[in-house]
Structure formats: C-alpha cells, structure tokens
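The structure appears right after this line, and notes come after that.
The values are calculated or read from the model by the stated rules, or taken from the named source; none is laboratory data. Everything numeric in this text was worked out from a predicted model, so none of it was measured. Please note: Cβ atoms are built from the backbone with ideal geometry, for glycine as well, and neighbour counts cover all protein chains shown.
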Amino acid sequence: MRSGTQDTACKLKNATTSKMNEKEESGTDWWLLFGGIIVLTLITRFYKVTEPQHVCWDETHFGKMGSWYINRTFFFDVHPPLGKMLIALSGYMTGYDGTFAFEKPGDKFENINYIGMRIFCTILGASTVPLSYLIVWDLTKSIRASALAAFFILCDVGLLTLNQYILLDPILLCFMMCATWGMARVASFRDRPFTRSWWLWLSFTGASLTCTISVKFVGLFVVLLVGLYTVYELWRELGDLSKPISYVGKHLLARCFCLILLPVLLYMLFFYIHLSVLNKRYNYVSKLMFNLQIITTYSHKDDNNLWLVKKFDTDVIPPEPELVKHGDLVRLEHITTRRNLHSHKEIAPISKKHYQVTGYGENGTGDANDVWKILITNGRDGDVVETVTSKLKFVHYLHHCVLTCSGKTLPKWGYSQQEVSCNPNMRDKNGLWNIEDNQYAKLPNVSFRVYAPGFLDRFLESHAVMLQGNSDLKVKEGEVSSRPWQWPINYRGQFFSGNNQRIYLLGNPIIWWGNIVFLVIFIVFYVHASVREQRGCIDDAIMLKQRSKITHAGKWLFLGWILHYAPFWAMTRVLYFHHYFPALLYSSMLTGITLNHVIESFLLLLPGKVGNTFYHVILGIVISGTVYSFYLFSPLAYGMDGPSAMDPDSSMHSLRWMESWEF
C-alpha cells in the first residue's frame, strides 16, 4: 500500500514537471525572453560606443589596415584578410576616407569619421549574445538554459570591452558563433534531411566556417569542432540499419559539398578580392636614424633597402655595364649612409653563434671585411644574377659565413626590427636573398609584369608568409603577455587605453570563476552519468531525458571550450589575454546548461513547495549577483578616471580582488 502511494506521488510529480517544461517552452515566453536579451544587449554594447575618442590598443593596427584597403595600398599581415576588408568596407560606406594614420594608441580622432567602423564591429560582437541563446536552445530545447547562457555572456565586462573597438575579435567571435549555431540547427533537422531548410543551414554552416578562418587562423578550432560533430552524425547514420548504405553516402556527399568544397571556394574568393584590391605600392617613410651602424631587416620597402654593388678591388664605375655573375667578389655600399656591408668575428647581438654584421667605413671606403662572394642557388660559373628570379647567398670572403636574417627581433635600440647576422652554417635556410629592383640608367627597363606570379602562386606564397609570421611573433621589450594557465582564472587583464579615460580588459570575476566551478560540476556529472549508463542502472524517465539533454549538449560545448583553449598550451608564439575569449563563450554556455540541470534536478528531487522555493532562491542569487558584479566592474569597459585602483583613495580600490589586476 505504501509503495503504491509513493508510485502515485512520483507520477504526479513527473506530470507536474512535464507540464512546467511545456509551459516553459511555449512560444510567447521564448520570444519575450529573446526580445529582452536583444534589448539589453543593444543597451549595454552601444552605451559609450564612440568613447574614448582616441585610438585604443590594436585599433592602431586594424584601423590602419582598413585605411590601406580604402587606399588600395598593399601591405602584409599575419591574419587572413576578411576581417580587415569588412572593417574597411564599413568605414568606406559610412564616410571614412582612409586618411587617418592610426599611428599609435592615444592619437585623437579629430574630424575623422571613425564611428561607423566601431559600430560595425560592435554589432557583430553584440550578436554573440542572442546567438548563444539560439545555440543552447537548439541543443537543449530549454528556455531557462538558453536564457542563462545568454545572460552570462551579456554580463561579462570583458566581452563588452572586446566588442566595442575596431578589432578583428568581435568579427571572429560572431562568425564562430554562427558556425556553432549552424551546426546545432543542422542537428535539429535530423528527421528532415535533404529538405530545403536542411540544405540552407548546412550551407550556412560551411559559409560561417569560411568566414571564421578568413578572419583569423584560430578559426581552425571551430572547423575542427564542426568536423568532429559531422563525423559523429555520419557514424550515427551508419549505425541506423533501417537505412541503406547509399543513404549514408548521400549524407557524406552533401557534407563534402557544403562543409569542404563551398568553404574552400569562398576562402579562395576572399583572397582573390584581397589581392585584387591591394594593387598599389606604399611609399614607406623610413624610421631609421641613418648615422647608426646597425644593419637590420624589416618588412617595409623604401630607400633604406638600396645598395650600390661595386667590384671588391676598385671604386671606379666602369663606363659600360658589367653584369654581376655567380662567384663574383663584391662590396655593397649603402646608398643613404655611404657605409659598406661589413662583418667580423664579433658575436652577433642576439644570435650568439653568429658573427656581427654592421655598416662600416666612410664614403664607401672600408676594409677587407667588406668583401662578399655572390653565389646563385644551383648556379654555375658565368651565370648572370637576375632581378627577382635569382636566389642569392652572400658569403663573407674572409670568415666563410653566410649573410642571414636570423628571424630574431632586436631590442629598442634596434628599433624592434629583425637581426641581420653572418652564420658560419652555410646551409642556413634564412640565408637566401633576392634583388627586387635594379636602378641603373645604362640597362634597359623591364616591366615587373614579366615576373608577376599568378593567383595560385600568390595565394600559396601569402599563406607560407602568414604562417611563418604567426610562428615568429615574440614578446617585444616592455610588452605585457600572458600564458594559458592565467586565462580561466582571470589572473591579469590587458590595458586598452591608458589615458585619462582608462579602459582595462578584464572578465567579470563572478562569471569567470563560476565557469570553472560549473566546468568541474559538468565533468563530475558526465562521468557519473556515463558510469550509470554503462552499469545499466534504472532511473526515472524524466531524469533520464534531462540527463540525455545535458550530456549531449554539454559534451559538445565542453569540446568547443577545450578545442579553443588547449592548443595555446603548445604554442611558442607570444600570447595575450584576449586569445581566451572564444573559449570563454563555450564555457559560459556550458555553465548555463549545467546550472539549469542542477535546478531541474532539485525540482525533481525536492517536494513541490521546497523545490519551488529553492528554484527561486538559486535563480535570484545567480541573477542578482551577476548583475551587481556587472555594475561594479562596468567602469573597466566604459572608462575609468581618477586615481589608479592601487591608490587607496580610488573608487575602484575595493574591486582589486587580485594583486595582479592593474587597473
């Protein structure tokens, strides 16, 4: 009799919970919450979007590159072109003429229409909030989980800061979230494959993947996420014995077309536009002080790249042209400073196993250490050195070392340019040079179009240079970098503006530390659920349904977090705090669904009134605590004035919860 009463109570409770869920997922509530999230997003993201009215942090790079696109001036950058092209397009369409220099952080925007570019980046950055709502909804069909996930992303002051400036990050985050949403939407069409909507969302996912990786190469991580989810879906279809193997083949071909072929074609199209638009040479103004004797390399092309090639034993210029050949001994005189390229057995400033290379002598007169032997790669005696096409080595005649660019950056006294040295290892891969320009009136002029590579050659070369440039990024003297272990714990922020209106990139500590807690809770729960499933334990049907939701959605959000975070541990290049924000989005969405599952579990386990009380108390504490922390830390994003937080009289002093916070 007692057992029957308990069964009846359990059924009543399950029925009540089911009705609550049905009510929760009604269309009106969904749209009201979604609309409210959009309104709050617009208010928080566009408040003070025009301030500070000066260049902040990396706006000096990406604003400048936007100007170069508008002026169609060629430049090199380590990132793919789409984000910068979109910044340039937004500036051009809102009246910016590309004349502002974006020279350094703190430069005032005077009579410059920069607002359009900031608003464009803010729109894309703000879209991550409603997109998180849509992603979690498609993964869980839970309004509460969707709203919590969007709420945590809405209230993070770090994301707010990162979204309001002329940067690649808001564009990257937008496309990354679009790709994740597309992945979730395609999964929701599992029972309706090959319909028009299914094809549309699969194509949307492929296009979003292209756009993500076309902004920054870290977009590869979301490509891996969608790729793994695609493998999971195909494996599931393969296990459905009610479908013929040809059906799985159709799924495979559809995904190959939409997630491989379409993205590759779009990616190449973006680079074709990039290389077609940037068709003007930039007349760089040198920043070197000519009286110094250091020899460096840098990416700009200007008059400091010009050298006079002379015979090794005379200063007399022959009346008729004599072509430089493989094996010739020469002296190289710097046109601007009249000093010779020189090396001696002194240790190079950075590469301690190399010899030092300097500019030596006066008015072209030096000593025997100025003599170099020219060798053409795979050349033979008598082969003529040709402009552009010949790959050359300059071998020091006395010390038998090869002129090389070590790839290492000099300190401030070397203007943070790259070290040039003489390497005794004659096989140094960085010891190859070419002559880009030959200015000699007695030789016939040849158009550079003769040597112009095709699109595919330029496409491949640009990628080789970008990947090399990314791997060579090192910490500059006086620059603040960070390591991956610091990011999840919000250990140290990053200054965006150090003027009177200080902007400091730092996450909302309540959200960030809460993410760590719920990350651990999810892992524990996932392991527990997997063990119970493996052991064949019998659980309540409602509990099983909820558990299935969180394990399915949570494992993919957890994988998204780990894919966007773990690879940075293996990187040797310089890293910054803002590199963690793509992973943060997945972590915050995971927190939303895990917290929702905790609440639903207590609603099932506790008696009706107690469960409802617990539900309202927990939600009240979470919402009020998060909103209050956003209010406290919002000056970091909107601008601080007055004394530093390290000053006891500062209004921000009490918020300096960690010694490493420098705001």
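One line per residue, one yes/no per condition, for (1) aliphatic (A, V, I, L, M); (2) modelled with pLDDT under 95; (3) out of contact with any Asp or Glu (no Cβ under 6 Å at 6 or more places or on another chain):
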site	(1), (2), (3)
Ala187	yes, yes, yes
Asp191	no, yes, yes
Ala207	yes, no, yes
Val218	yes, yes, yes
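Each residue in region 341-363 was checked for being within 28 Å of Arg380 (Cβ to Cβ) and not hydroxyl-bearing (Ser, Thr, Tyr), and 2 pass. Residue count for region 54-76, restricted to those that are in a loop (DSSP other than H, G, I, E, B) and more than 23 Å from the chain's Cα centre (by Cα): 1. Scanning region 130-186 for residues that are small (Gly, Ala, Ser), under 24 Å from Thr28 (Cα atoms) and either out of contact with any Phe, Trp or Tyr (no Cβ under 6 Å at 6 or more places or on another chain) or outside the structural domain of Arg547 (by the TED database) (or both) yields Ser132, Ser142, Ala145, Ala147, Ala149, Ala184. The residues of region 499-519 that are touching a strand residue (DSSP E or B) at 6+ places or on another chain (Cβ under 9 Å) and surrounded by fewer than 19 Cβ atoms within 10 Å (Cβ to Cβ), listed by number, are Asn499, Gln501.
Is it the case that region 534-542 has a residue that's within 29 Å of the chain's Cα centre (by Cα), surrounded by 15 or more Cβ atoms within 10 Å (Cβ to Cβ) and assigned to a helix (DSSP H, G or I)? No, region 534-542 contains no residue that is within 29 Å of the chain's Cα centre (by Cα), surrounded by 15 or more Cβ atoms within 10 Å (Cβ to Cβ) and assigned to a helix (DSSP H, G or I). Of all residue pairs spaced 6 or more apart or on separate chains, those with beta-carbon atoms under 9 Å, a first member in region 391-402 that is among the hydroxyl-bearing types (Ser, Thr, Tyr) and a second member that is surrounded by 14 or more Cβ atoms within 10 Å (Cβ to Cβ) and part of a strand (DSSP E or B) are Tyr397/Val371; Tyr397/Trp372; Tyr397/Lys373. Only residues that are under 13 Å from Val402 (Cβ atoms) and either of a type in the set (Asp, Glu) or not in a loop (DSSP other than H, G, I, E, B) (or both) were counted across region 345-383, and they come to 6.
Residue count for region 77-114 under the criterion of being surrounded by fewer than 17 Cβ atoms within 10 Å (Cβ to Cβ), small (Gly, Ala, Ser) and assigned to a helix (DSSP H, G or I): the result is 0.
All conditions but one from (1) crowded, with 16+ Cβ neighbours inside 10 Å; (2) not assigned by the TED database to the domain that holds Ser142 apply to Ser660; the one that does not is (1). Being without any contact (Cβ under 8 Å) to a residue 12 or more places away in the chain, surrounded by fewer than 24 Cβ atoms within 10 Å (Cβ to Cβ), more than 25 Å from Leu82 (Cβ to Cβ) and among the hydrophobic types (A, V, I, L, M, F, W, C) is a description that does not apply to Val248. You will find that of Tyr272, Tyr232, the residue that is farther than 30 Å from Thr73 by Cα, aromatic (Phe, Trp, Tyr) and surrounded by fewer than 16 Cβ atoms within 10 Å (Cβ to Cβ) is Tyr232 and no other. When we screen Ile511, Ile489, Ile523, Ile503 for residues that are aliphatic (A, V, I, L, M) and in a loop (DSSP other than H, G, I, E, B), the only hit is Ile489.
Among the residues of region 193-210, the one identified as aliphatic (A, V, I, L, M), surrounded by 16 or more Cβ atoms within 10 Å (Cβ to Cβ) and over 16 Å from Leu228 (Cα atoms) is Ala207.
Filtering region 514-550 to residues that are polar (S, T, N, Q) and without any contact (Cβ under 8 Å) to a residue 24 or more places away in the chain leaves Ser530, Gln534, Ser548.
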